[in-house]
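The values are calculated or read from the model by the stated rules, or taken from the named source; none is laboratory data. It should be emphasised that the depicted structure is a prediction, and the values quoted were computed from it without experimental measurement. Here Cβ is always computed from backbone atoms with ideal geometry, including for glycine, and neighbour counts include all displayed protein chains. SASA here: full protein model, heavy atoms, side chains in, ligands and nucleic acids out. Shrake-Rupley method; radii C 1.70, N 1.55, O 1.52, S 1.80 Å.
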Amino acid sequence: MKDTYRHQGQRKSLIKILRSKGIQDTKVLNAINTIPRHWFIPAEFESYAYQDNAFPIDSGQTISQPYTVAYQTELLDIKPGDRILEIGTGSGYQAAILCSLGATLYSIERIKELHIQAGELLNKLNLNANLILGDGTKGAKEFAPYDKIIVTAGAPHIPTNYVKQLKTGGAIVIPVGKTQASQKMILAIKQADGSIKHEVKGDFKFVPLLGEQGWKT
Ligand code: SAM
């Protein structure tokens with residue numbers, strides 16, 4: 001797999017677009033400038049890889065729009081060594097960004113084909129993520145507690161498992177919607193008494209979070 005001057009130039013243009021849309025965190029922008037997004041999308045879309053768009057990947061899923069990846073990552077305010085749980089590994093692109101920011105990452109995907117492909121790509125980039133195959137609405141209590149949890153599929157509500165598996169003061173970034181058609185991004189912080197306080201951010205459109213504490217179909 002190649003990463004040419006042309007790709008690097010396209011990433012620089014993408015960074016300008018993300019800045020113009022309000023992304024300010026230079027660590028996040030540097031990570032996006034480093035990771036070859038064109039490796040994570042099907043070959044037929046390679047020439048579009050640095051447009052600010054979501055694209056279909058295998059198994060009827062999507063790789064999130066770069067703006068969405070940047071927005072969720074900026075909200076998480078990743079510090080090196082943060083223990084992060086990601087739900088929805090998908091292509092592995094968001095996972096690559098989190099690892100390159102120094103996170104200790106646990107990422108769950110329910111579709112085996114995507115779980116395997118993402119692992120291969122992250123290995124090629126020498127990024128060390130702990131990938132888990134299964135229903136991410138259950139979280140992964142064997143590796144808890146987490147500093148932060150990021151959900152990259154649209155949920156009907158915040159699964160209680162995530163709140164239980166989060167450290168006090170920790171954050172969950174999750175798109176939540178009353179229907180599968182659209183979501184509001186929620187930033188939820190766990191309080192000392194175990195409850196959460198949340199802020200409602202912008203509007204987004206994700207594929208559904210399916211599972212025991214997600215959508216049923
Ligand atoms: N983060 C991904 C990336 O960088 O490409 C984008 C993820 S895509 C928008 C959402 C992913 O969530 C899909 O791959 C889907 O299979 C996965 N998903 C949906 N419900 C899930 C669940 N209960 N557990 C784990 N993964 C789930």
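Surface analysis of the chain yields an accessible area of 47 Å² per residue, using protein heavy atoms and a 1.4 Å probe.
Cα centroid separation, the range 1-79 to the range 81-114: 15 Å. Per residue, the average separation of C-alpha pairs within less than 8 Å and at least 6 apart gives the chain a relative contact order of 15 percent. So, with a 1.4 angstrom probe, what is the percent of accessible area on the range 48-173 that is carbon and sulfur? Roughly 48 percent of what the probe reaches on the range 48-173 is carbon or sulfur. Per-residue SASA remark: Tyr67, around 50 Å² accessible (1.4 Å probe; ligands, DNA and RNA not included). In this view, the solvent-accessible surface of Glu120, computed with a 1.4 Å probe and all protein chains in place, comes to about 100 Å². About its Cα centre, the range 125-169 has a charge dipole of approximately 120 debye under the convention of +1 per Lys or Arg Cβ and -1 per Asp or Glu Cβ, with nothing else charged.
Restricting attention to the chain, close to 45% of DSSP beta bridges with both partner residues there are antiparallel. When both the range 184-217 and the range 139-162 are represented by their alpha-carbon centers, they are found 9 Å apart.
Its residue count N sets the reference 2.2 N^0.38 Å, and the alpha-carbon radius of gyration of the chain equals 0.95 times that reference. Taking a straight line from the alpha carbon of Lys148, these aspartates and glutamates sit under 20 Å away, with near neighbours fewer than eight places off in the same chain left out: Asp25, Glu74, Asp77, Asp82, Glu86, Glu109, Asp135, Asp193, Glu199. Lys197: accessible area at probe 1.4 Å, nearest 10 Å²? Approximately 140 Å² for this residue. When the charge dipole of the chain is built from unit charges on Cβ atoms (+1 for Lys and Arg, -1 for Asp and Glu) and taken about the Cα centre, the candidate among Gly9, Pro159, Ala54 whose Cα reaches farthest toward its positive end is Gly9.
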